[in-house]
Each structure stands twice: as structure tokens, then as C-alpha cells.
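The values are calculated or read from the model by the stated rules, or taken from the named source; none is laboratory data. All of these numbers come straight from a predicted model, not from anything done at the bench. Neighbour counts are summed over all protein chains in view; Cβ atoms, including those assigned to glycine, are modelled from backbone coordinates with ideal geometry. We work out accessible area using only protein heavy atoms, side chains counted, and drop any ligands, DNA or RNA first. Shrake-Rupley method; radii C 1.70, N 1.55, O 1.52, S 1.80 Å.
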Amino acid sequence: MSRRLLPLLLAFASAPSLAQTAMVWGETEVIGLEKMPREQVLAQLPIRPGSRVDQKEKEMLRWCERVRRLPLAAVSCTGTVIGEELHYVVEVVESPDAKLRLQPATGAPVSDKLPGEIRKLLSHREYRIQEMAAEGTAPVEGVTPSGVVIGEDSELRMYDVQIRDACIGRRETLIAMVLDGRNGERRVAAQLLAWAGDPEASIARVHHRLLDPDSEMRNLIGRLILTFADRIQDPDIAEAVANSLLAQLALPTLTDRTKALGGLGKLLAHHPELHARLREVAQAPLEKIARESVLPTIGGEARGLLNLLNRVEAR
């Protein structure tokens, strides 16, 4: 599990609108515990919720080394900013025999290469998003009737149109790249599916990559589903995607849980026929997350889904 706290804090510090805000410590999120008490992990961290954040990045990363002294198979430390609170996040795997049920991609090798121009367009688009973030502006994106992402910002829209044009006729190739576990361009291909059109058909082919061993691939496929969940019309596809999201929900990382909870919420909003299935298989894991998580983006989302499922059941 990689360390992701340092890049997050550097990004936080480089954004003028956030850097000028006095941050305070929120409660620590601990993900992945089954037997060890949460208090045993918290005892390794000198964090007082409500106190001002004045530590340096290197000091925060050293805290993770303290947690690694515990009898745990793997530990990763990251962080998330919610409002004016910074939450330290500890992701653990307790046993080396833990079954994360990740599924390597075994698709046929793809020899096609993506044009270099597409990579340049994606880089320019990402730079514009970072530029907007530094200005304190969040990019607003929509989806065209044909199922292509389009930004409201004029510069983003310009890049989106060019990326869409570059992706015309490449959707099958992009999917094949995503499914080829050894393809060096599969992450880029996963990003480009947002501009390739027919998102429901693409999601039907790649949703099981929510269990990919590559955490960034899981993140990208989760983002694709969140963006186009309302375009999934086929009930069978919706159920298959829900099953993949439930499997992703069991992975002990903040990013996986965030994507899984968000995806399930959007699917439920458009597919009421999924409620009975989710009450049957999702009630227990959602209740566990709702009990254990201190984050509104995780525990709060889980409680919201439980309320929705129970409210529907009571009718």
C-alpha cells in the first residue's frame, strides 16, 4: 500500500484558498480493522482532534512508522480534508493471509498505441483543473446526450472537444487496453473512456476492474461509473455493476470505499429494483462501516444508504 499523505498535503499547501485557512485536526479514520481495537492504533498517533494543524509533512509521515510497529501485515497512511478539518487516515491489513479478492486483468494483449497528441491533451486538461483549484474554483462538468464529458469552463471545453474527436472510433481499443493487465497505456485508456461515447456499453465491459490490483485503475473505473451512473439503463448491467461496487466496498482503502459508496448511491437513485438485492447483501457491511467510520464521506454515506434501504423496506 503506497503512502499518499505527502502529495495530498503538498497540494493542500500549494492552493492559496486553502493555505490561508487555519486547519484543525479532525478525528482519525482507521480502515481495515477486524480484531485489533481502534484505540490501539490511535495510541500511536499524537493527534488531538480540534487542535491546530502545525506539523510538517515529514513529521506526519513518521507517525505512520509508529503504526507499522504493531502486529499488522500492511499499513498505509494518507489524509483527507473536509471543510476546515484534516483527517489522518490509516489503512491496514491485519493478516498476511487476508483475502482482498483482487482480480488481475487477463485480457488479450493489445499492440495498438495511443497517439501522443491524446496524452498532451489530457495533460493540458489536468493542468487547467489544477490551475482552477489554485484559484479556488472547482471545475463543473456535464455529460452530452451522446455520453461524453464536457466542461463548463471554456478552456476545459476546448480540450474536451479535441479529446472526443481523438477518441472517435477507438472505444473498443480503449476497452481492450483496460482489460490487458500488462498494457502500459491502460490507465490512459480508462481515462479516455469518458470521451469515447456509449458509456453504458463501456461500463458493462470494465466494471469488474473495480477489483483490479492496480489501485489507480480501480479509482479511474470508479470515477467512470460515478460520472455515467445515470446512463446505465439496463437492469442486468446495473445489478452487475452493483455487485462489483459491493466487492470494492470490502477493500480497506479510503479511495475504494469513497467510490463504492458513491456509485451504489447513484445506482440506487436510478434503479429501485436493486433495493431488495442490496438489503440482502449490503446491510451488514454498510452497518459495520457506519459504526466504525468517523468521516461524513464514508460513515455518513453508509448511514445514508442504510436509511434509504430501510425506508424503502418500510413502505
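Computed over the stretch 211-269, the P(r) tail beyond 19 angstrom holds 19 percent of alpha carbon pairs. Pairs from the list K120/K259; K35/K259; K266/K288; K35/K266 with a Cα-Cα gap above 29 Å: K35/K266. Note on the stretch 221-285: with neighbouring protein chains present and a 1.4 Å probe, carbon and sulfur make up 52 percent of its accessible heavy-atom surface. Per-residue extension of 0.36 nm, minus the Cα-Cα distance of A98 and I150, leaves a gain of 14.6 nm for this segment. Straightening the chain between E239 and K56 buys 61.4 nm, computed as 0.36 nm per residue apart minus the Cα-Cα spacing. Can you work out the FRET efficiency for the pair S123 and R182, with r the C-beta to C-beta distance and R0 = 25 Å, to the nearest 0.05? After rounding to 0.05, the efficiency reads 0.60. Annotation: cysteines of the chain without a disulfide-compatible partner (Cβ-Cβ under 4.7 angstrom) are C167. The Cα center of the stretch 98-133 and the Cα center of the stretch 247-282 differ in position by 24 Å. Measuring r between the beta carbons of V140 and V24 and using R0 = 22 Å, the FRET efficiency lands at 0.15. Heavy-atom surface analysis with a 1.4 Å probe gives the stretch 32-157 a carbon and sulfur content of 49 percent of its accessible area. Pairs of Cα atoms nearer than 8 Å and 6+ residues apart set the relative contact order; for the chain it is 15 percent.
Accessible area per residue for the chain, computed on protein heavy atoms with a 1.4 Å probe, is 50 Å². Estimated translational diffusion coefficient (Stokes-Einstein, Kirkwood radius over Cα pairs, 10 °C, 1.306 mPa s) of the stretch 17-167: 81 µm² per second.
According to the Cα-based calculation, Rg over Rh for the chain is 0.97, with Rh computed by the Kirkwood formula. Rg over Rh for the stretch 240-315 works out to 0.93, both radii taken from alpha-carbon positions and Rh defined as the Kirkwood radius.
Lys and Arg at +1, Asp and Glu at -1: add these up for the other residues within a Cβ distance under 11 Å of P109 and post the number. The partial results should precede the final answer.
Values: positive: R182; negative: D112, D180.
Around P109, the surrounding residues sum to -1.
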